[in-house]
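Peer 1: Have a look at the structure that comes next, please.
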Amino acid sequence: MKRRPIIAGNWKMYKTKDDALAFIYAVNVKVPEKELVESVICAPAIFLRDLVKREGEELRIGAQTMHELDEGAYTGEISACMLKSYGVEYVVIGHSERRAYYNETDESVNKKVIQAVKNDITPILCVGESLDIREAGTTDQIVKDQVVKAYLNMNAEQALKTVVAYEPIWAIGTGKTATPEQANDTIKAIRNVLTELYSAEISEQIRILYGGSVKPNNVDELLAQSDIDGALVGGASLDPESFLALVNAAVK
Ligand code: 13P
């Protein structure tokens, strides 16, 4: 089964408005056809409207988080229907930075994934282990547990609309990438859980990305692995040329 690759940039809390606009003008007409690779920029919420307005045919815009409810007295928060009403098509859910600094739990991650799907926004569900867990040899167990909890109460039809990103915490922003084999093994373990939860037919269709110090010089060997369907990229997505190199690598 051939799954269409996704290269999603996660800008985190970087760039000003002028930087964001300069980026989109620089990459817009250069990203490959969306039938070949889904090229996505997940930007800070304040830039989303400007980016969606200017996105070309082949580029898609995503948010970095959202609230789990439709509406309510939650100062500072943004809901899925708000994102949808602005034409935002993806949302990163449960990034390890949000789990660590904003107390996102498996339970809220589950609610957010369901809420995104219900609003026709593709959730990019992040899972991944800390260095302690990797060294203790319990990575697969911990990551599987995160996946099981994230897919609670989701039916197969909903699960098909999700994307998973495996991001080992020790590889994020550190310059330390998981070896392609390490990344592929954990991603296979994630796919196995999805097979257990749904079926092989379903799990074979769900895209699972790798994230953690992905750069133009290591992306080829990661994407060459059997189960890695793309990348969620922080630092290397900030520069237009580097982002373009990553999306072009996914087309090869
Ligand atoms: P880096 O690519 O900067 O390591 O960040 C990875 C990440 O957290 C993407 O969500």
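The values are calculated or read from the model by the stated rules, or taken from the named source; none is laboratory data. Note that this is a predicted model, so its numbers are computed, not measured. Cβ: placed from backbone, ideal geometry, glycine included. Neighbour counts: every protein chain shown. Ligands, DNA and RNA are excluded from the accessible area calculation, which covers all protein heavy atoms including side chains. Shrake-Rupley method; radii C 1.70, N 1.55, O 1.52, S 1.80 Å.
Peer 1: What whole-number value in Å² describes the accessible area per residue of segment 130-192 for a 1.4 Å probe?
Peer 2: 47
Peer 1: How do Ile114, Ile208 rank by accessible surface area computed with a 1.4 Å probe, from largest to smallest?
Peer 2: Ile114, Ile208
Peer 1: Still on this structure: Could you grab the relative contact order for segment 187-246? Cα pairs under 8 Å, six or more apart, rounded to a whole percent.
Peer 2: This gives 32 percent for segment 187-246.
Peer 1: Okay, moving on. From the Cα gyration tensor of segment 65-196, with a ≥ b ≥ c the square roots of its eigenvalues, which class applies: rounded if a/c is under 1.5, or else prolate if a/b is larger than b/c, or else oblate?
Peer 2: Verdict is prolate for segment 65-196.
Peer 1: If you average the sequence gap of Cα pairs under 8 Å that are 6 or more apart and divide by the length of segment 5-104, what percent do you get for the contact order?
Peer 2: About 25 percent, as a whole number.
Peer 1: In Å², what does the accessible area per residue of segment 4-113 work out to with a 1.4 Å probe?
Peer 2: That works out to 50 Å² for each residue.
Peer 1: Which loop GluC sites (Glu not before Pro) in segment 132-192, with loop taken from DSSP, have no more than 13 other Cβ atoms within 10 angstrom of their Cβ?
Peer 2: none
Peer 1: Here is a further query. List the relative contact order of the chain as a percent without decimals, with contacts defined as Cα pairs under 8 Å and 6+ residues apart.
Peer 2: Numbers: 497 pairs, mean separation 54.7, N = 252.
The value is 22 percent.
Peer 1: If you don't mind, another one. Send over the semi-axes of segment 25-108's equivalent ellipsoid, whole angstrom and largest first, taken as the square roots of 5 times the C-alpha gyration tensor eigenvalues.
Peer 2: They are 26, 15, 11 Å, listed from largest to smallest.
Peer 1: Mind checking the dipole of segment 30-140: about its Cα centre, +1 per Lys or Arg Cβ, -1 per Asp or Glu Cβ, Debye to the nearest 20?
Peer 2: 360
Peer 1: Just report the Cα centroid separation between segment 191-252 and segment 104-171, whole Å.
Peer 2: 15
Peer 1: Is the shape of the chain rounded, prolate or oblate, going by the alpha carbon gyration tensor and its root eigenvalues a ≥ b ≥ c, with a/c under 1.5 for rounded and a/b larger than b/c for prolate?
Peer 2: It is rounded, given that a/c, with a ≥ b ≥ c, falls under 1.5.
Peer 1: Take the Cα pairs of segment 176-252, get the Kirkwood Rh, then feed it into Stokes-Einstein at 37 °C and 0.692 mPa s and tell me D in µm²/s.
Peer 2: My calculation gives 254 µm²/s for D.
Peer 1: Hey, which lysines would be in cross-link range of Lys17, C-alpha to C-alpha under 23 Å, not counting anything within fewer than 8 residues on its own chain?
Peer 2: Lys30, Lys53, Lys84
Peer 1: Please report the carbon-and-sulfur percent of the accessible area for the chain; probe 1.4 Å, protein heavy atoms only, DNA, RNA and ligands left out.
Peer 2: Whole-percent figure for carbon plus sulfur exposure: 50.
Peer 1: Right, another one. Which one of Thr16, Pro5, Leu51 is farthest out on the positive end of the charge dipole of segment 5-62, using unit charges on Cβ (Lys, Arg +1; Asp, Glu -1) and the Cα centre as origin?
Peer 2: Value: Thr16.
Peer 1: Hey, got the dipole for the chain? About the Cα centre, +1 on K and R Cβ, -1 on D and E Cβ, debye to the nearest 20? Working shown, then result.
Peer 2: Numbers: 28 positive and 37 negative charges, 78 e Å.
With only Lys, Arg, Asp and Glu charged at Cβ, the dipole is about 380 debye.
Peer 1: Let me know the charge dipole size of segment 204-252 about its Cα centre in debye, to the nearest 20, where only the beta-carbon of Lys, Arg (+1) and Asp, Glu (-1) is charged.
Peer 2: 60
Peer 1: In a shell of Cβ-Cβ distance under 13 Å around Leu21, excluding Leu21 itself, what net charge do Lys and Arg (+1) and Asp and Glu (-1) give?
Peer 2: Net charge around Leu21: +1.
Peer 1: Segment 103-209: which chymotrypsin sites (Phe, Trp or Tyr not before Pro) are DSSP loop and have at most 13 other beta-carbon atoms within 10 angstrom?
Peer 2: none
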